Amino acid sequence: MHEMALVQNIIDIVLQEMDKYEVEKLQAINLAVGRMSAAVPEQLQMCFEILTTDHKLTGTKLNIRMVPVTYKCWECEKEFTSAGITFTCPFCESPNPEIIFGRELKIESIEVVD
Amino acid sequence: MKIPVVRNILEVNDRIADQNRAIFESSNLFVINLMSSPGAGKTSLLEKTIEKLKDRLSIGVIEGDIQCSFDAERIAKAGVAVTQINTDGACHLDGNMIREAMNQFDLSALDLLIVENVGNLVCPAEFKVGENVKAMILSVTEGDDKPLKYPLMFQESSALVINKIDLLPYVDAKIETIRDNVAKLNKDMAIFEVSCKTGEGIDEWIAWLEKQVDQAKK
Ligand SMILES: Nc1nc2c(ncn2[C@@H]2O[C@H](COP(=O)(O)OP(=O)(O)O)[C@@H](O)[C@H]2O)c(=O)[nH]1
Ligand SMILES: [Mg+2]
Ligand SMILES: [Zn+2]
């Protein structure tokens, strides 16, 4: 359960950004989490709730965009996505396509109350 | 109003790990991050490795396994410098914990630093500590489908030690299935079949490790 550490990092980064833009309150934090990363979205939500009790970010929504795994075939160089893990190119059936997206753990944006 | 941020959640750890890496490099020190589930045999493999290499290389060990604090004592008994990290229940080691622990060694006097990570096949895969390579252990008692269940760990590691092969007659897991599943995830992975109990296969692992250390020194 390393989500606690991840969420602590998220909060640190977001507070820095809020300082930078001189923002007092946030409506939402938008994350991109790759399906190949070792983070579980439900756990992130739970840790976020715990770590933002009585906090500047109490009530801020954590939106998690799950990024599907995108592969690129070594052989035919086509790109394709898959909900889970896959080991063959659907176009030419070559084995072991390279994973090019799906491992991200990123903060994409923050949303300020207008 | 939406403000774009685009920052990596693990940026701080990545930065600290990169700094660790630079410090290790300036000390000409090879660092290996050893990961597995609890009980797969990390400490046992360390004991065997130390026994075989301690006359040739100056070795240090950072013990991060929370399972039992006896691990550090086992390593100290094997006759090398060891530091225990108190992870406070954390499920992985991170760059910062290593930074503190590494300061307990005279790094320039070491050739090889081995980090025994917390017993866990998920979390440690995301956290760099400043290592040259990651290596992992899978024991045959854990089953041959583990690569497909924990793909990230298998993709991040350069070497896989399949341990407890002395137990193969008593379990359903097949070495061939493990190898097939690993090949799908990481075709460059170096694989060793060993038993820390009988010593079988240990020499191949030692030869690989020694080669890594030599290459890094050049
Ligand atoms: N049968 C058998 N048992 C082993 C082998 N390697 C380790 N063990 C046992 O597995 C248990 C856990 O080993 P340990 O090295 O402490 O695992 P760690 O938690 O990954 O550090 C111990 O009781 C070891 O004696 C092996 O190759 N064969
Ligand atoms: Mg151990
Ligand atoms: Zn193809």
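Every number in this text was worked out from the coordinates using simple rules, so none of it is lab data. Here the structure is a predicted model, which is why all the values come from computation and not from measurement. So basically every Cβ, Gly included, is an ideal-geometry build from the backbone, and we count neighbours across all protein chains shown.
The table below gives the values:
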| read-out | value |
| --- | --- |
| Amide H contacts under 5 Å for B:GLN84, placed H, 5+ residues apart | B:GLU63 |
| Whole-Hz couplings from phi, Karplus 6.51/-1.76/1.60, listed for the range B:120-133; x for Gly and Pro | 4, 8, 9, 4, x, 4, 8, 10, 5, 10, x, 6, 6, 9 |
| For the range B:125-218: rounded, prolate or oblate by the Cα gyration tensor [a/c cutoff 1.5] | oblate |
| Rounded if a/c under 1.5, otherwise prolate or oblate - chain B, Cα gyration tensor axes | oblate |
| Cβ charges +1 (Lys, Arg) and -1 (Asp, Glu), total dipole of the range B:153-218, debye | 200 |
| Which of B:ASN120, B:ILE9, B:GLN212, positive extreme of dipole for chain B (C-beta unit charges) | B:ILE9 |
| Karplus 3J(HN,Hα) series, Hz, for the range A:92-109 with 6.51 cos²θ - 1.76 cosθ + 1.60 (x for Gly, Pro) | 10, 6, 5, x, 6, x, 7, 7, 10, 10, x, 10, 6, 9, 10, 8, 8, 6 |
| Student exercise, chain A dipole from Lys, Arg, Asp, Glu Cβ charges, in Debye to nearest 20 | 180 |
| For the range A:52-114, size of Cβ-based charge dipole, Lys and Arg +1, Asp and Glu -1, in debye | 180 |
| Cysteines in chain A that, by Cβ-Cβ distance, have no pairing candidate under 4.7 Å | A:CYS47 |
| Sorted by Cβ neighbour density within 10 Å, fewest at the top, the residues B:LYS52, B:LYS128, B:LYS187, B:LYS174 | B:LYS187, B:LYS174, B:LYS52, B:LYS128 |
| Of A:SER109, B:MET136, A:ILE85, farthest towards positive along the dipole that unit charges on Lys, Arg, Asp, Glu beta carbons give the protein assembly as shown | A:ILE85 |
| For the range A:1-74 and the range B:50-128, distance of Cα centres in Å | 30 |
| Sequence of A:TRP74, B:TRP205 once ranked by neighbouring C-beta atoms within 10 Å, starting from the fewest | A:TRP74, B:TRP205 |
| Cα pair distances of chain A binned at 5 Å [whole percent] | 2, 12, 19, 18, 13, 10, 9, 8, 5, 3, 1 |
| Neighbour-count ranking [beta-carbon atoms within 10 angstrom, fewest first] of B:SER139, B:SER58, B:SER158 | B:SER58, B:SER158, B:SER139 |
| Other-chain or far-sequence residues with amide H under 5 Å of A:LEU62's (modelled H) | A:ILE29 |
| Prolate/oblate/rounded call for the protein assembly as shown, Cα gyration tensor, a/c under 1.5 rounded | oblate |
| Most mobile of A:ALA28, A:ALA38, A:ALA83 in a GNM of chain A (Cα contacts under 10 Å) | A:ALA83 |
| Among B:LEU34, B:LEU107, B:LEU93: highest mean-square fluctuation, GNM of chain B, C-alpha pairs under 10 Å | B:LEU107 |
| Of B:VAL140, B:VAL12, B:VAL31, the one that fluctuates the most in a GNM where chain B has Cα springs shorter than 10 Å | B:VAL12 |
| Estimated inter-spin distance, B:MET1 and B:ALA183, nm [label 7 Å along Cα→Cβ] | 5.8 |
